[in-house]
1. Being closer than 22 Å to R59 by Cβ and modelled with pLDDT of 95 or more is the filter here; which residues of segment 105-122 pass it?
2. Restricting the search to segment 162-186, which residues are touching a Lys or Arg at 6+ places or on another chain (Cβ under 6 Å) and buried (at least 18 other Cβ atoms within 10 Å of the Cβ)?
3. Would you check if A189 is in a helix (DSSP H, G or I) and surrounded by fewer than 17 Cβ atoms within 10 Å (Cβ to Cβ)?
4. Given the condition more than 17 Å from the chain's Cα centre (by Cα), over 23 Å from E4 (Cα atoms), touching a residue at least 40 places away in the same chain (Cβ under 8 Å) and assigned to a helix (DSSP H, G or I), answer yes or no: does some residue in segment 20-29 qualify?
5. Is at least one residue of segment 192-209 over 14 Å from the mean Cα position of the chain (by Cα), assigned to a helix (DSSP H, G or I) and at pLDDT 95 or above?
Amino acid sequence: MTREQALAALFLGIEMADRAAADGCTLLGAGEMGIANTTSASALTAALTGLDAAAVIGRGTGADDACMARKRSAVERALALHLKHGREPLDLLARLGGFEIGGMCGFYLGAAANRCAVLVDGFIATAAAALALRFKDDVRDYLFPAHRSTEPGHGPLIELIGHRPLLDLEMRLGEGTGAALAVPVIRAALAAFTGMSTFSSAGVSGAPGDAS
């Protein structure tokens, strides 16, 4: 992408988060559908974490050994070609990312700006979230990793974000599936926090502090 195209992707994501917040949404989530975008996500992961390509690439939707070798080569060549030009977040997005990663990155930035919690889906969505932290570290406070992907690069990204995933179902999927599955967990946690009775308010005999 050109820098202008990368900015357009970011602004589109921000606009989508703004519209959702204006509609009264307080919990957001993003997912993606793409072909070969674990390759661009792996390149971004290597750039953001400093890990070698071999440590962050996985089989995606089922790559065989020959495809894995091509994938590793593509990531290594991309890093060698582009990182020498700088590691600013917009440069990383334009040179190593894709439009869907840019859109999700902007979406996370927009969610945080609107003080909305946002569920982070699988590997590619998490690469976008980790990149969003390079633009604005405060975004971290609004991110909830939905699930842990089996893609090798996902673990290092989760550590970079610093929050434990809500689910670990050994899924490789993106497409918003993990975020959708995590919504009931968030709802249950909120219900327990805001609606659960205490021993005293429920009149439970022998409650802590009850002298009877």
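The values are calculated or read from the model by the stated rules, or taken from the named source; none is laboratory data. Owing to the predicted nature of the structure, the values given are computational and were not obtained by experimental measurement. Reconstructed Cβ throughout: ideal geometry from the backbone, glycine too, with neighbour counts over all protein chains shown.
1. The first filter runs over segment 105-122 and keeps only residues closer than 22 Å to R59 by Cβ, leaving 120-122.
Listed by number, the list holds a single entry, V120.
2. Here is the first cut: in segment 162-186, the residues touching a Lys or Arg at 6+ places or on another chain (Cβ under 6 Å) are 165, 168.
Result: P165, single match.
3. Answer is yes for this residue.
4. Of segment 20-29, the ones more than 17 Å from the chain's Cα centre (by Cα) are 20-26.
Among the residues that remain, those that are also over 23 Å from E4 (Cα atoms) are: 20-26.
Next cut, touching a residue at least 40 places away in the same chain (Cβ under 8 Å) only: 20-21, 25-26.
Next cut, assigned to a helix (DSSP H, G or I) only: 20-21.
Scanning segment 20-29 turns up at least one residue that is more than 17 Å from the chain's Cα centre (by Cα), over 23 Å from E4 (Cα atoms), touching a residue at least 40 places away in the same chain (Cβ under 8 Å) and assigned to a helix (DSSP H, G or I).
5. Going residue by residue through segment 192-209, those that are over 14 Å from the mean Cα position of the chain (by Cα) are 192-209.
Remaining after also requiring assigned to a helix (DSSP H, G or I): 192-195.
Going one step further and asking which of them are at pLDDT 95 or above, we end up with none.
No, segment 192-209 has no match at all.
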